[in-house]
Amino acid sequence: MGTGKRLSIVLAACVIFAGVSAHADDFERIETEEEFFEKIVAKRLEYQSGAIVVFTPEGTFDGGFSGSPVWGEWVWRDDTICHQINIGEKRYKVTCKTPQILGKKVRFLREDGSSYGEARIR
């Protein structure tokens, strides 16, 4: 195999891998309320678990998970989103998370760096 052909194969492989090399570290923080409104509010967030959530401009959200309604209230505080969530009959305490985005995916990080997982933005 000639040098030119090998170089073509290597370049093709680099292009292919560059297109699929998105790592968790590639997520970018949503830093302002305006950016959160632009990229997340009024859009359907679909999690692999089957959970669906839609944040409204009025500071509420709703959706569903495993046949139970999901709803609550949210507010932008400093550079985080703070919310109180209800799933079915269970009411959870208020927590604040850091929203991060990568293309059409979003995740919300807790203080310890963990998350509920990634949601697809529709």
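The values are calculated or read from the model by the stated rules, or taken from the named source; none is laboratory data. All figures in this text were calculated on a predicted structure; none of them were measured in a lab. Glycine also receives a Cβ, built like all others from the backbone with ideal geometry; neighbour counts cover every protein chain displayed.
Summary of computed values
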| read-out | value |
| --- | --- |
| Of all residues making up segment 54-84, the number that are modelled with pLDDT of 95 or more and closer than 21 Å to Gly113 by Cα | 9 |
| Residues located in segment 86-119, provided they are in contact (Cβ under 8 Å) with a residue 40 or more places away in the chain and exposed (fewer than 14 other Cβ atoms within 10 Å of the Cβ) | Gly103, Gly117 |
| Residues of segment 25-67 that turn out to be surrounded by 13 or more Cβ atoms within 10 Å (Cβ to Cβ) and among the hydroxyl-bearing types (Ser, Thr, Tyr), as a count | 2 |
